[in-house]
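Read-outs: derived from the displayed coordinates by stated rules, not from any lab. Since we're looking at a predicted model, the values are computed, not measured. In this analysis, Cβ positions are derived from the backbone assuming ideal geometry, glycine residues included, and neighbour counts consider all displayed protein chains.
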Amino acid sequence: MKVLKGKRLLVVVIGLTGVVAGVGWWVSHRPATTHQQSAQATYYCPMHPTYTSDKPGDCPICNMKLVKREEARAAPATPSPTAPQDICYMHNCPKVHEGQPCPMLVVAKVGEKVTCPICGTHVTEGRSTTKKILYWTDPMLPGYQSDQPGKSPMGMELVPVYEEETHRRTSTQAPEGYTPILVTPQKQQLIGIKTATVERRQLAKTIRAVGTVAHDPELYQAQAEYLEAVNAAQRIPATAPPETRAQAERLAGLSRVKLKHLGFSDALIEELGTLEHAEHSLLYGGQGGRVWIYGAIYEYELPLVQVGTPVTVELAAMVGQPLNGTVRSIDPMVDPTTRTARIRVLVEDTAALLKPEMYVNLTIVAERGEALVVPKEAVLQTGTQHILFVDKGQGLFEPRDVRVGTAAGDVVEIQSGVAAGERVVTSGNFLIDSESRLKGALEGMGGGGHQHGE
């Protein structure tokens with residue numbers, strides 16, 4: 001009987017011990033379980049924070065993986081000089097993990113530039129805590145301002161704008177209607193932003209034109225008249241009356257004016273005076289020797305072409321065997337219909353292949369010397385301005401009003417507005433241009449007013 005009673009007592013003790021242990025476990029785990037059941041996890045898209053879901057998956061807009069949003073702990077009332085002052089707005093993660101801070105949190109000391117350790121985006125420059133905060137804003141929402149910290153309508157943490165920061169921004173000489181913008185690396189990748197370096201190089205403009213082998217009886221007649229007048233004046237004896245010599249000189253002068261009207265320069269006229277007769281190549285070909293070729297140059301290309309500029313002449317009948325010529329004169333008048341001026345190119349046709357009225361292709365390489373150049377696609381023309389965007393680093397793009405010069409091939413000369421070594425946007429600049437204008441317009445409309453965030 002005693003043994004039986006002892007066994008019963010042992011069973012009762014073991015049972016009571018199990019009950020006490022179960023109650024203790026339930027009490028210790030009850031708050032965490034209740035919190036997990038009451039707090040429903042929220043997932044959001046880093047590129048489209050307004051889209052949220054109660055379960056993991058992909059963003060229906062950009063197909064990015066949704067990220068779990070963690071609740072932030074209350075910030076200390078008085079931050080210490082070494083406490084995190086900013087959070088990368090692309091990785092909105094203020095949660096402090098057990099035993100270590102979240103890697104998205106950055107420490108900004110006074111005078112220190114800080115970037116997000118995850119995406120490399122510039123976050124802030126360490127400032128003294130005594131600086132006055134003017135307002136709070138969302139860098140991804142142009143023109144948004146709030147007089148208190150919190151979250152923007154897009155769900156992003158607002159960042160402070162300090163008094164010295166505003167002074168620095170207003171000192172930037174941005175073109176009217178534009179403002180610098182901040183573009184995150186993720187957004188740069190989505191819109192395909194590419195940049196190129198502003199550099200100095202030897203600039204050469206290639207001008208291509210169609211020419212014809214000269215058939216110009218009028219010029220031939222003018223040359224013949226001038227040579228006859230000059231020779232006649234030289235044959236007048238010294239004993240002849242002064243009136244006779246004056247008349248001969250007057251005839252030579254009139255012939256000279258006619259040649260200039262037809263496009264001959266003073267140098268060409270003086271050279272013509274050394275010839276025995278007018279140039280027969282102006283009437284018929286097959287003679288060899290000097291041959292004139294006429295080409296048409298648009299008026300905007302005229303400043304690039306000068307007397308003495310070398311010209312390459314190509315014929316369809318002489319593929320791969322170009323002739324070398326030189327611009328000897330440029331007509332003083334522009335055709336009112338085609339807006340072109342005629343140039344006269346002199347070539348040596350030793351093989352006597354050129355025939356009057358033959359078509360030829362002219363290539364003129366105008367050397368412009370060393371110049372500051374950028375790719376053509378970097379410059380946006382608004383009608384009254386030429387705008388390009390300079391990559392200042394850390395996602396900041398600054399608009400510049402530039403003065404352009406000669407366009408040559410795939411580059412264009414920049415006469416003012418940028419410096420060598422700076423990087424300019426060559427792809428995606430239309431989207432940056434739109435956002436910069438929008439932000440500039442919103443800032444202009446907003447004035448000094450504040451919008452209150454939620």
Between residue 245 and residue 287, the FRET efficiency computed from the C-beta separation at R0 = 45 Å comes out, to the nearest 0.05, as 0.80
Extend 7 Å from the Cα of residue 403 along its Cα-to-C-beta direction; within the stretch 414-440, residues with backbone N under 18 Å of that point are 414-420
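With the cut-off at 24 Å, tell me which of the pairs 55/194; 68/187; 65/439; 392/439 have Cα atoms farther apart than that.
Working: 55/194 36 Å; 68/187 20 Å; 65/439 29 Å; 392/439 18 Å.
Long pairs (Cα-Cα over 24 Å): 55/194; 65/439.
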Of the stretch 353-396, those with amide N under 14 Å from the point 7 Å along the Cα→Cβ vector of residue 416 are 386
Magnitude of the Cβ-charge dipole (Lys and Arg +1, Asp and Glu -1) of the stretch 218-278 about the Cα centre, nearest 20 debye, reported as 180
Once phi for every residue in the stretch 230-239 is put through the Karplus expression 6.51 cos²θ - 1.76 cosθ + 1.60 (θ = phi - 60°), the whole-Hz ³J(HN,Hα) values, with Gly and Pro written as x, are 5, 5, 5, 5, 6, 7, 5, x, 5, 7
Label model pair residue 148, residue 368: point-to-point distance (7 angstrom along the Cα→beta-carbon line) in nm is 5.8
Contour minus Cα-Cα span, residue 348 to residue 194, at 0.36 nm per residue, comes to 50.6 nm
